C-alpha cells in the first residue's frame, strides 16, 4: 500500500484570484500530487487548499506553495474575519493511508526546517509535532494574531521552533504540524447577530466560556484560587467555535473546527447547535463545509438521520449522502457535489470503477465486443452484486412495512450487511478485468535476455495467481450473501418472495461462473500445489452453497405453486 498524506495549507488571501491561482499552480506542477480542493473566502480573506499524494512529493508541493505565498502576499496590508498570523497561516499534514502519525510528524518537521532555513520564515510546530503540549494548540500559538506577534515572538516562551526570532512584516509566521483529520464546518443562522452566534459558539465549544458573576455576559469574571479565570465547559468535546457575520451570504454563522469527528461527529454538532439556537430564539437554516470531509463522516450522518426517522439504514452510500446533505442543509449556500467534497471520491475520480460506472446497455455492449475482457469473471461478480441487491431490497421493504415497526431494526441490520457485500462485489467486477489485464501486460514483457525471461515468467505467474484469487473472492462474497437471502425468503415481506428467489438464482449463477474462472486460471499455474489448493477451496465453497440454494429454490417454487 502506498503511503498517502493530505496537506491543507491555509493562505491569507481569499480575494485576489491571480494570487490564489499562482499558489495552486505550484502544487499542480509537482508529480504524484493531486490538488483536491480550493476554497477561497472573501469575507475571511483566506483560502483553504487541499492536496494529497505520497509524502515526499506532498512536502515538496507544500514548500513551493509556501514560497510562492511569501512572494505574493503582503501581511502588512491584510485584513479579514479569520484569525491569522502569516501569509501561509497554518500548514497541517494528515495521514490518510499506509502511514502512521509518527511518520507524518517526521515529514512535518522536515518541511518546517526547510521553510525556516530557505525562506527565513519563523515556524511554530503544533499538534502531534509539538513536544511542548503547552504550545501545541493552534489557537494558543496564534493568540495575538499578526499585529501582536511583533512583540510576542521576542518573549522567551514564544521563541519559534525553527527560523528567525524577529517577526517579518511581509510574510508573518507559519504554523506547521501533523494532526488528525479536521473538518471545518459552519452552521448558518436566520440572524445577522454576531453576538447571538458567539453565545451559541460558547455553548457548544469544548473550551466553553469564562464564568461571570451576576450578568453571565458582562459581569465580572470569576477567578480560581490561582487567579485564573474559571471556565464553564461547552457541551461538545473536540470542537473549537466562534461566531461571525458573513457579508456575502448576509447571515451569521457558528464557525467550527471538529478535531475528532469520530468522537464528536458532524451530525451531533449540527443537532447541538440547533438546540442552542432554538433556546436563544433563532433557527439553524443549514450548514456549510469548508474543504473536504471523509466519506465515513457523511455516511454516519446519513445513518443517524435515517435512524431518527425510523427507517432502514441498509441503503446505498449515494442515498445516505443525499439524506445527510438534506438533513444538514449542506446545499443551502451552494450545491454540494460529493465528487468534489468527499476526499475518497476526489482521490478516485478519473480512475477505477470503469465497468460499474457504465450503463447496463454500455456494459452489455462492452462485454459483447471482440475484447476478451470483461469476461466471465466480471459478469459473475456483477450477477452476485445484483443478487444481493435484491436481498437488500427485500430487507428494506420489510423494514418499512406497515405493521412491522417492531421489526425495523432487525431487517435494517440485514439490509446493511447486504450493502457491504454488494459494494465488495462491485469492486470485484472491475478488479477481475484488471487482473486479466495484468496477465496480458506480463506476457508483453521483454524476453531477450535470460534475466528478462526469468522476470517475465515470474510476473506471469504472480499475475495469474492474483487472477485466480479474484474469482475465489467472488465465490466467498456470493456465499456470504446466501444466509441473508434465505432469511428474506423465510421471514421477509411475503409479497417479495419472488424477488428473494431471483436474488438466490443470481447468486447461484454467479457461483457457477466464479468457480469456472478459478479452475481455468488455476490450471495455468506452474505451482501445482497452489493450483490444487485453489481448486479444493473453490469446490468446497461451491458444493456447500449449491445444496443450500437448491433446497431454498425448491421451497420457493413450492410456495408459489397454485
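No lab work stands behind these numbers, since they all come straight from the coordinates. Model, not experiment: these values are computed from the prediction. FYI the Cβ positions are ideal-geometry reconstructions off the backbone, even for glycines, and counts take in every protein chain you see.
Below are the figures for this structure:
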quantity	calculated
For the chain, calculated [θ]222 nm from helices alone, where every DSSP H run of n ≥ 4 adds -39500 (n - 2.57)	-17500 deg cm²/dmol
Label-point separation, residue 547 to residue 441 (7 Å along Cα→Cβ), nm	4.2
Ranked by how many other beta carbons lie within 10 Å on average, peptides 265-274, 438-447, 491-500 from highest	265-274, 491-500, 438-447
Relative packing of peptides 279-292, 532-545 - highest average C-beta neighbours within 10 Å first	279-292, 532-545
The range 433-562, relative contact order in percent, only Cα pairs under 8 angstrom and at least six apart counted	27
Using alpha-carbon coordinates, inclination of helix 317-328 to the longest axis of the chain, degrees	30
Extension gain (nm, one decimal) between residue 56 and residue 249, 0.36 nm per residue minus Cα-Cα	65.6 nm
Sites residue 150 and residue 274 - FRET efficiency at Förster radius 60 Å, r taken between beta-carbons, to 0.05	0.90
R0 of 56 Å, Cβ-Cβ distance residue 283-residue 409: FRET efficiency to nearest 0.05	0.95
For the chain: relative contact order, % (alpha-carbon pairs under 8 angstrom, 6 or more apart)	10
Folded to 0 to 90 degrees: helix 528-560 orientation relative to the chain principal axis, Cα	80
Rounded to 10°, Cα long-axis angle of helix 295-308 versus longest principal axis of the chain	80
Label corresponding to P(r) over Cα pairs in 10 Å bins from 0, in percent when calculated from the structure given, among (1) 4, 18, 29, 28, 16, 5, 1, 0; (2) 3, 11, 13, 11, 10, 9, 7, 6, 6, 6, 6, 5, 3, 1, 1, 0, 0; (3) 3, 14, 20, 21, 17, 13, 8, 2, 0, 0	(3)
Computed FRET value (nearest 0.05) for residue 318 with residue 557, which takes r as the C-beta separation and R₀ as 25 Å	0.15
Label-point gap, in nm, between residue 348 and residue 217 - each point 7 angstrom along Cα→Cβ	4.8
